[in-house]
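S.K.: Handing you this structure, nothing more for now.
The values are calculated or read from the model by the stated rules, or taken from the named source; none is laboratory data. Treat the numbers as computed from the prediction; the structure is a model and nothing was measured. Neighbour counts are summed over all protein chains in view; Cβ atoms, including those assigned to glycine, are modelled from backbone coordinates with ideal geometry.
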Amino acid sequence: MTRISLLGAAPDTGNLGVNALSRSTMLGIARRIPEAEICIFDNGRGLRQGVYQAGRDTVAYRLCGLSNSRRFYRPESLAHMRLSTLLPGLSNPGMDLLSSSQAVLDISGGDSFTDLYGPKRFSLITAPKQLVLEKKRRLILLPQTYGPFRSPARRKIAEDILRRSHRAWARDRDSFERMAELLGSDLDPTRHKCGVDVAFLLPTTQPAGMDAGLISWLNDSPHDLIGLNISGLIYNSPHEAIQRYGLKADYRATVQTLLKRFLRETDARILLVPHVHAPSGHPESDRDACRHLLQTLAPTDRERVYLLEDRLDESGIKWVIAQVDWFCGTRMHATIAALSSGVPTTTISYSDKAVGVFDSCGQRSEVFDPRQLDTVTLSENVFDAFQRRDRIKQSLQQKLPDVLAQATRQMDEIAESCVSA
């Protein structure tokens with residue numbers, strides 16, 4: 001049996017971007033190593049069984065809980081995992097899985113291999129990697145962003161993990177340059193690679209039992225359909241977002257202005273697409289942000305706007321996004337779903353991570369940063385991108401086949417690195 005474990009891609013967070021990373025990796029490995037037992041570490045309790053269905057592919061896998069809980073007596077806690085390596089006779093199911101894995105894949109949620117989110121988050125991201133290396137297991141860092149690191153001590157931890165990993169991929173050219181900076185003279189082209197986000201290979205699946213109103217909305221109009229993804233993280237608490245992320249533009253005002261302008265100056269219909277299914281009232285809820293946005297419209301205008309309320313999975317959401325004529329998103333993996341489907345795409349992005357991903361598709365100019373642009377300029381630039389959608393689509397479709405081919409070759413290499421001598 002070939003056991004392969006996956007860290008940093010828990011499919012139970014409600015964040016469809018992380019789900020996309022998990023499912024794309026799982027399916028990519030299962031297709032290339034059919035005999036593999038795939039184990040995914042998530043936020044649940046204990047060991048469980050799961051099944052993933054993607055078209056004709058059915059992948060059975062195991063789930064194992066992992067948390068940074070202070071309850072050290074729980075097997076899911078990192079503290080219990082660590083103690084099991086120090087105390088003879090103390091068994092830990094997660095440590096047993098890692099210790100018996102042929103390879104451990106780690107993707108850090110795509111963009112969490114940094115200390116920007118605080119020490120507890122940094123520990124949750126790095127401690128499992130360190131445990132794998134201590135057990136002398138093969139650690140493979142999947143395509144992700146590296147850094148930034150504010151703390152010199154935490155930077156050294158990241159550098160050490162990178163140097164000792166069996167293989168490491170960055171998910172775009174910008175990320176690779178940061179990885180190279182961390183490695184310095186230890187950069188090894190045979191081990192350290194520039195790649196693309198694994199979610200470019202996420203399968204697209206039409207959801208079963210879709211709401212009849214949505215099907216009608218998608219099919220029954222000759223006018224353009226605009227897809228908008230609003231990030232609850234910076235919409236729901238606009239003043240806090242300005243301070244925390246250094247925004248120059250008021251994001252909430254920007255999307256409200258854009259929506260009203262689309263309704264006033266075009267015949268387009270607008271589909272609001274949440275991509276983080278946080279509970280109502282949670283500060284990250286995209287759905288709450290969309291509902292608030294709808295309430296700013298007159299009743300007659302709301303007839304041209306549809307909020308996707310169904311909690312579709314990542315492949316179903318990607319299918320819906322693929323139906324629109326132009327897409328603007330703030331959640332990066334919502335935009336990857338659009339880009340990988342050939343949909344002309346623009347992003348309002350308040351972090352550097354989107355630049356490299358869009359650049360890999362030849363779309364660097366379609367990234368608009370609210371840290372650099374004021375509210376009026378940001379709104380104008382995004383509306384101009386909508387008007388240029390045909391040219392954007394032509395440019396994207398010229399580049400996309402190469403990106404998808406690269407993603408396929410990359411997954412071939414990842415699978416080979418799991419089992420090669």
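S.K.: Scan the helices (runs of 4 or more DSSP H) fully inside region 284-331 and keep the ones with 1 or more residues being in contact with a helix residue (DSSP H, G or I) (Cβ under 7 Å, 6 or more places away or on another chain) and either crowded, with 19+ Cβ neighbours inside 10 Å or among the small types (Gly, Ala, Ser) (or both).
M.R.: Details: elements: 286-295, 299-302, 314-321.
Answer list for region 284-331: 286-295, 314-321.
S.K.: Could you please find all residues in region 72-104 being more than 15 Å from Pro128 (Cβ to Cβ) and out of contact with any strand residue (DSSP E or B) (no Cβ under 6 Å at 6 or more places or on another chain)?
M.R.: Within region 72-104, Phe72, Tyr73, Arg74, Leu86, Leu87, Pro88, Gly89, Leu90, Ser91 meet the criteria.
S.K.: I'm checking my understanding of the structure. Among residues of region 58-90 that are in contact (Cβ under 8 Å) with a residue 40 or more places away in the chain and farther than 30 Å from Thr205 by Cα, which one is surrounded by the fewest Cβ atoms within 10 Å (Cβ to Cβ)?
M.R.: Looking at residues that are in contact (Cβ under 8 Å) with a residue 40 or more places away in the chain and farther than 30 Å from Thr205 by Cα, I get Thr85.
S.K.: Here's something else I'd like to know. If you go through region 64-78 one residue at a time, do you hit one that is within 24 Å of the chain's Cα centre (by Cα) and at positive phi?
M.R.: no
S.K.: How many residues does region 333-354 hold that are part of a helix (DSSP H, G or I) and at pLDDT 95 or above? Full working, then the answer.
M.R.: Within region 333-354, the first condition is being part of a helix (DSSP H, G or I), and the residues that meet it are 333-339, 353-354.
If we keep only those that are at pLDDT 95 or above as well, we get 333-339.
Residues in region 333-354 being part of a helix (DSSP H, G or I) and at pLDDT 95 or above: 7 in total.
S.K.: Within the group Ala415, Ala421, which residue is on the phi < 0 side of the Ramachandran plot, at pLDDT below 95, among the small types (Gly, Ala, Ser) and out of contact with any strand residue (DSSP E or B) (no Cβ under 6 Å at 6 or more places or on another chain)?
M.R.: Details: Ala415 fails: at pLDDT below 95.
Step by step, each of Ala415, Ala421 is checked, and only Ala421 is on the phi < 0 side of the Ramachandran plot, at pLDDT below 95, among the small types (Gly, Ala, Ser) and out of contact with any strand residue (DSSP E or B) (no Cβ under 6 Å at 6 or more places or on another chain).
To keep it simple, each residue is scored yes or no on (1) within 20 Å of Arg261 (Cβ to Cβ); (2) without any contact (Cβ under 8 Å) to a residue 12 or more places away in the chain; (3) polar (S, T, N, Q); (4) in a helix (DSSP H, G or I).
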site: Thr377; (1), (2), (3), (4): yes, no, yes, yes
site: Phe386; (1), (2), (3), (4): yes, no, no, yes
site: Lys393; (1), (2), (3), (4): no, no, no, yes
site: Leu396; (1), (2), (3), (4): no, no, no, yes
site: Thr408; (1), (2), (3), (4): no, no, yes, yes
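S.K.: Filtering region 5-35 down to residues that are touching a residue at least 60 places away in the same chain (Cβ under 8 Å) and more than 21 Å from the chain's Cα centre (by Cα), which residue is nearest to Val273 (Cα to Cα)?
M.R.: Residue satisfying both the conditions and the ranking: Arg32.
S.K.: Do we have Leu142 as modelled with pLDDT of 95 or more, in the same structural domain as Asp96 (by TED's automatic domain parsing) and farther than 14 Å from Leu183 by Cβ here?
M.R.: Details: modelled with pLDDT of 95 or more: yes; in the same structural domain as Asp96 (by TED's automatic domain parsing): yes; farther than 14 Å from Leu183 by Cβ: yes.
Spelling it out, Leu142 is indeed modelled with pLDDT of 95 or more, in the same structural domain as Asp96 (by TED's automatic domain parsing) and farther than 14 Å from Leu183 by Cβ.
S.K.: If you check every pair at least six apart or on different chains, which have Cβ atoms under 7 Å apart with a residue in region 306-323 that is without any contact (Cβ under 8 Å) to a residue 40 or more places away in the chain first and a residue that is among the hydrophobic types (A, V, I, L, M, F, W, C) and surrounded by 20 or more Cβ atoms within 10 Å (Cβ to Cβ) second?
M.R.: Leu307/Leu272; Leu307/Cys290
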